[in-house]
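Just so it is clear, none of the values below were taken in a lab; they were calculated from the coordinates. Quick caveat, the model's predicted, so the values are computed rather than measured. With ideal geometry, Cβ positions are generated from the backbone for all residues, glycine too; neighbour counts draw on all protein chains shown.
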Amino acid sequence: MNKDLKIFFAYLRDIIYSPGRASIDRDELSDSDHREFAEALLAFGDMVKESREFALSISKGDLDIQIPAAENELSAPLKSLHSTLRHLTWQAKQVAGGDYDQKVGFMGEFSTAFNEMIEQLEERRNRMEQKAERDKANMDRLSRTNRIFQTITSSMEEWIVMVDRETGEHLFKNHAPENVLSNDDFEQQLYEILFEYASSIEDDDEPRKELFALVSDASIQHFEMMLYPIRWFDHKAVACVLTDVTATREEYSRLEDAAYRDVITGVYNRLYGMNILDQYTNEHIPFYLVFIDMDMLKYVNDVFGHSEGDQYIISVANVLKEVSPLANVCRLGGDEFMVLIRQNDMHCDMREKMEELRNKLIKSSAMGEDGKEKYVRSMSFGIVKVNEDGKFDKSEILSLADERMYEYKKAHKKERRV
C-alpha cells in the first residue's frame, strides 16, 4: 500500500473512532489528484462529524441543538427523527395539560403504546371527574346535615364537642365553655382529657361511656361522656357528648354517706364497718381492730334519761376520732364501737393511745348543777392486731376482740363508780 492510501485509511479510521484528531495534511500527498480527493474526503468527514454530534445530542434528549446545514445529506434521517421527537415533546406537553385528543400514527409499536396510554389517561380523568362530582355532592349533603346538626344541638342541654382524633383540634362546640364549666381553670384540663380519649378511638369502635372529674383547689365537677367516632367534613373526629353529673354524684354521695353514717354520732355505722373489715381480711391488709364497750350507759339512760345517754355516746365517738385521722370509727349499735385502721397508718402504740383516750374520756365526765360529778364516763376495749399472714376470719377477729374487751372491763371494774 502506497503512502497516500495509508493517509486516507488513517483518516477514515479516525473519523469513525477518534473524530477529534481526524485530519489530512494535503502537502504530504504525492500528486494533485490525490489532493483533490482529499478535499472531498475532508468534506465527507465534516458531515460525518456533524451528524455524529447531532445524533449524540438527540440521544441525550437535547432537542435544542443547532440543526446540521441543508447540504449535509448524511444527517437527513436524523433531522427527520429530531423533528418527530420535537413534535412528540409538544404532544406530551399537551397531554400533560389535559389535551387527550393527541394521537401518534407514524411510529409503529410506539404509536400504539402512546395512543393506548392517552386513552387510559382520558378514562382515568373521566373517573376522577365523576368521583370529584360525587364527593362534592356528598360534601354538600354533609355540609347541610352538619348545619342541621348544629341547629339541633344548640338547644340541647348536653355539651357536644367535636375533637380531631389526630391533632386534638376542636372542630365544633354547641355551647361556649363558660356556659358549662363551673371553674375558669377547667377548660384546658377538659380539652386535654378529651384529646386523650379521642386519640384512642378507631373508626370501627363502638360508642363508649366514660366518667371523669375536673378538680381544682376550689371545686370539683363530674362529667359523664359518650364517645362516638365520626367523620366531620374531612376530619377523622370523635363526638364527645358530655353531661354534667355533679349534682347527681353529690346527691349519691350524700345518700351513700347517710347509709353509712350513724345518726347520733356522725361516725360510720355497723354496715360500713363490716364492709371495711371484709376488705381488709379479703385483701390480707395488716390492720388493728379495736372493740369498745361504753361503761354504764344503761345506768346513765335509766337515771339521767336518754338525752344524757346520747351525749355520753357522742362524747365517746368524739374521743375515738382522735385515734388517727385515717382511722375508721364505727358505732356498731347501743354502747358498742369499733375502730379499724391499717397498721401502716398507725404511728404510735395502739394500747398506749387507747389508754390515753380512755383517761381523756374519764376527765370529761358529766357534772351536776351542784358542781359535783354525776357519773364517770369510761370505756373498755379489746385490741386485735391482724398481720398480713393472719389466718383469722372476720368472726374470729370480732370474737377475740370482744373477749379481750371483757377481760379489760373485768380488770378495771373497781375503777368504775357512780
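Observations on the model:
- Nearest 10 degrees, 0 to 90: helix 3-17 Cα axis against the chain principal axis: 30
- Cross-link partners of LYS236 among lysines (Cα-Cα below 17 Å; sequence separation of 8 or more within a chain): LYS173
- From the coordinates shown, Rg/Rh (Cα atoms, Kirkwood Rh) corresponds to which of (i) 1.55; (ii) 0.95; (iii) 1.03: (i)
- Rounded to the nearest 20 debye, the dipole size of the range 278-418 about its Cα centre is 460 debye, using +1 on the Cβ of Lys and Arg and -1 on the Cβ of Asp and Glu.
- Listed by chain and number, the aspartates and glutamates whose alpha-carbon sits under 14 Å from that of LYS391, ignoring those within fewer than 8 places in the same chain, are ASP278, GLU283.
- The separation of the range 190-244 from the range 82-122, counted between C-alpha centres, amounts to 55 Å.
- Contact order for the range 3-91, expressed relative to its length and based on alpha carbon pairs under 8 Å spaced 6+ residues apart, stands at 21 percent.
- Compactness check for the range 187-259: Cα Rg over 2.2 N^0.38 Å is 1.33.
- Relative contact order of the range 261-415, pairs being alpha-carbon contacts under 8 Å that are 6 or more residues apart, as %: 31
- Descending semi-axes in Å of the range 237-394, equivalent ellipsoid built from Cα gyration tensor: 34, 23, 13
- Over the chain, dividing the summed -39,500 (n - 2.57) contributions of all DSSP H runs of at least 4 residues by the number of residues returns a 222 nm mean residue ellipticity of -16500 deg cm²/dmol.
- Under the criterion of Cα pairs below 8 Å and six or more residues apart, the relative contact order for the chain equals 9 percent.
- Rounded tilt (10° steps) of 350-363 against the dominant C-alpha axis of the chain: 50
- Whichever lysines have a C-alpha closer than 23 Å to that of LYS374, once near sequence neighbours (fewer than 8 apart) are set aside: LYS298, LYS360, LYS363, LYS409, LYS410, LYS413, LYS414
- Cα centroid separation, the range 3-44 to the range 322-346: 123 Å.
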